[in-house]
Each structure stands twice: as C-alpha cells, then as structure tokens.
1. So, counting K/R as plus one and D/E as minus one, what does the shell of residues with Cβ under 10 Å around B:Val209 add up to?
2. Once fully extended, how much extra length lies between A:Ala199 and A:Thr46, figured as 0.36 nm per residue of separation less the alpha-carbon to alpha-carbon distance?
3. Using 7 Å Cα-to-Cβ label points, what is the A:Leu61/B:Ser25 separation (nm, one decimal)?
4. Could you list the GluC sites (Glu not before Pro) in the range B:12-41 that lie in coil according to DSSP, counting only those with at most 12 other Cβ atoms within 10 Å of their Cβ?
5. In the Gaussian network model of chain A, springs joining C-alpha atoms below 10 Å, which of A:Arg35, A:Arg213, A:Arg160 carries the largest mean-square fluctuation?
6. What are the nm distances, shortest first, from B:Met143 to its equivalents in the other copies, labels at 7 Å along Cα→Cβ?
7. State the Cα centre-to-centre distance between the range A:6-63 and the range A:152-205 in whole Å.
8. Once amide H atoms are placed 1.01 Å from N in the peptide plane, what residues at a sequence separation of 5 or more from A:Met5, or on another chain, have their amide H within under 5 Å of its amide H?
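Every number in this text was worked out from the coordinates using simple rules, so none of it is lab data. Here the structure is a predicted model, which means the values were calculated and not measured. Cβ sites come from the backbone with ideal geometry, for glycine too, and all protein chains shown count toward neighbours.
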2 protein chains.
Amino acid sequence: MTTDMRVLAVEDDPRIAKDLHAALSAAGFRVEHSRDGEEAWFLGDTEEFDLVVLDLGLPALDGLAVLKRWRANGRTMPVLVLTARGTWQERVEGIEAGADDYLPKPFRMEELVARARALVRRAGGHAAALQEAGDLSLDTNRMGVALRGVPVQVTALEYRLLAYLMQHRDRPVPPTELLEHLYGDDDAREANALEAVIARLRRKLGPGVIGTRRGFGYYLEGA
Amino acid sequence: MTTDMRVLAVEDDPRIAKDLHAALSAAGFRVEHSRDGEEAWFLGDTEEFDLVVLDLGLPALDGLAVLKRWRANGRTMPVLVLTARGTWQERVEGIEAGADDYLPKPFRMEELVARARALVRRAGGHAAALQEAGDLSLDTNRMGVALRGVPVQVTALEYRLLAYLMQHRDRPVPPTELLEHLYGDDDAREANALEAVIARLRRKLGPGVIGTRRGFGYYLEGA
DNA sequence: GGCAAGCTGACAGCAAGCTGACAATTCGGG
DNA sequence: CCCGAATTGTCAGCTTGCTGTCAGCTTGCC
C-alpha cells in the first residue's frame, strides 16, 4: 500500500490554518491539523509524519516546548517553524531546539510550500507525493496517474482535471468551476468540452472512478 | 567540534567578511574566502566544500547566478544564502535556485553559525560526483558525459541541460522551466531554441535517453 | 411525456514538438 | 586583431496526437 506524504500543521489562527491546509494539500500533502500544543505533541509523538509545520504561539503548550519534547523522545521528523516574533534569539533558540527550518510571519504560501518540499526531499529521500482516492492515485511530483497501482497514461489537460477533483475530493465540483479552472473564464468554450474530457478519462479509467451527481458536479469515487 | 569542515564564504563587504571568518573559524570550520562571483563560482565548481555561505549582492557575477550554475553543473553541497533584499519572491527564487537555507541581513553571527552547523549535520557526507540515469552517466567533476560507459562529447549548454534533467530526474521538467534555467528569463529567446538543443542531444545520444511527455516536459528515461 | 443535464463516437483543426538548413555568435589560436 | 571552427539561435516546414465541436443519444426528474 502506497503512502501519502503526511504533514502535521500546528496553527491556532483559523484563517492561517485554512490557507495552510489549502496550499499544502494542493502541493500533494495529506494534511492533519491541530490547533493546540498538547494535542499537537500527542499526535506528533504517536503517529508518523513526513513533516511538521509548527507555529510557535500556541495555547496550552508553547510550540518550542512541544518541539523540544519531541526531540527529547527521539522523534526526528523535519520540523518547519513559523513565528511572528522575529528576533534572532528566537530563531537560534528554535534551531537549537531541533527545528530544521524557520519562516517568519508574514510569509507567502508559495514560499512555505517551496520550503516544505525542500525539507521533505532532504529528509525522507525521494519519497513520492501521492494522493489517493479509491483505486486512483496521483503522483503530483511525477505528474503520473495510477489505477490500483497500474500506471495509466493521461494527457496534461486530463491530469489537471484529475488533480483538481483530487484536491476537492470532499465535495462534488460543479462543471462551471471546472471549466473556469481548466481554461480561463475569459476564454469561452462550449460547455461540452468538459464533458468530452470526462468521457475520455472514463474510457481510460473504467467505471467507478469519476462519479457524477446530476446538478451538483463531478467527484472521485471512494474518497 | 574537531572535524575538519571546509566552508566557502562568498562576501564582498570586507567588514562582514571579516566577521564571517572570525565566527566560522571559531566554530571549528576551515574558511576559504572569496569576494567576487566569478572566483567563487570557479572555486565552488572545482573544489570540494562541506558548506557554502553565499551573499547575493556580488560584483562580477550575481550570487543567484553562481548558485544556479553550480546546481546546473550538478554540484550538490549545501548552500546558505545571505541577502539584504528581503522580499518573498527573492527567497522563493533562492530556494528554487537550489539554496538549502536562507538568512536575511542583518543577522547575528550566532544565528549564522547555528544554521551552518545544522546544514552540515543534515548534509552528512560529501555528494557523489557520478550521477546516473538509465544508460546515461554524468561526471559532475570533469563535466563529462558517458553512454553505457562510452564517453560522449557534448557542449557546455548541452551539459547544463543534461545536468538539470539529471538533478530533477524524478519528474518531467516543463520547457518553461528549462528555458529559465538555461538562460535567464530576462534574456528572451524563441521557445524553439530549447527544442533545437534537445534535437542535437538526441542525435548524439540516440533514442531512449531523453524522453518527452507532451504537455508535461522532458525527462531522462530509465530513472 | 417532455425537458434538461449529461454521455459518446467521429472528426477536423490546431498546437506542441521535431528536424534540417542556415545565419549569427562565440572562442581559441596564431 | 583576425581567421576559421565550433557552438548556438532562428526559421520554415513537417509530424503527431491532443482537444473542441458537433450530432445524436441516454438518463434522471418533474
């Protein structure tokens, strides 16, 4: 069974947390989220993560303390520390507590993702960023698609469609939204173009992968 | 720290250079110093270092350009980038150019040393000089290319292209990305220039070495 | 039954990519 | 500093295969 890249995002500000989740899952990570230090410590200590994104200002238990306790227990997963406090002492402290990288707020999500990827690449060897739903798996690094482990060849457009559905696998995606994502909304296309792509994909993937909910949109089955 | 770690410090401001030297050698590093980009590039390309501390604002050849040229040539030593320019684009750019860590000026020497140590610890040993993918092998030290052990003569540009593909052999590399790394994006080239280089390389290497995934990019086969 | 949403196979247009030739540029040697 | 050779960018024409459109069909829903 193939493994996802699991990342633990520890962040109490709901707005930032939401952005984190969006950016990281778009990058192919499976995101677990925790909003307080105690819970975060427990999760990080008992489960396996490929990366932790850790905010320092936390309720219940300070981020630095969490990190130190992990390291004291021999946990070695890469940790990317976020902090609003920008003093150099803090940074040194963070690094000496065992942080692998450091990002001062405010930051751009693009930068966070770039660093997260770099950390994971350095740490875990070249593990693939796999996203799964039912029998289908997407390798967002290789841009590859597989069905029950068997590679399936798809075109660039088809891939983008699958990736988008995967990213929003918790809900049916309306055709209008897909059209806008695949083509710019400036570029006017017959609505049928999308259906054609779906049809071709279904021919390649067989039944039971892409589902339709009439009036709502498309979704990946088994997610 | 009794180990004999060689670090290359690239910095043109004499005052900072002096501080760097003091702090790093106090921390147990053997420090080589270079004050201009050309020289730095040459040193980093021909000698073995365990770490490079690289300032971005340099005379003769910009720091980012130096870094890109190293990476394009397959040099993989850890690089810690220093910069006065603090915009997030710059940081992303730096990381994508292959930097392993980033430190905005002004900074404290304590912090630099902490990060330097962390980088070296993470990197562990020296990077391999020979990289392989399928029948193809690159000798990153003498910039040589061989196919099934038989040397093949390639030009500098062709070599940089191969080295880049080799460095990212786990995914198809889109033409836009290759163009940007081979030439600066400032220098506008016809998109066709890349295809010409690919064609010439394929003529030299034969089929089954450089593959194309239409809409995704180029890749090295058998990797 | 009727309507709207969605499906499908066929097909033509088109864009991505390839190639060979040639011109511009670079580079090393005298 | 100049010349010849190697390298590299540009162009035109070509191949390939992706993808939008169309016409006609099925399915679900009122």
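1. On the way: positive: B:Arg202, B:Lys204; negative: B:Asp135, B:Glu221.
Charge balance in the 10 Å sphere: 0.
2. Numbers: separation 153, 0.36 × 153 = 55.08 nm, distance 4.37 nm.
In short, 50.7 nm is gained.
3. 4.5 nm
4. none
5. Per the Cα network of chain A with a 10 Å cutoff, A:Arg213 tops the list.
6. Computed spacing set for this position: 2.9 nm.
7. 31 Å
8. The answer is A:Arg30, A:Leu130.
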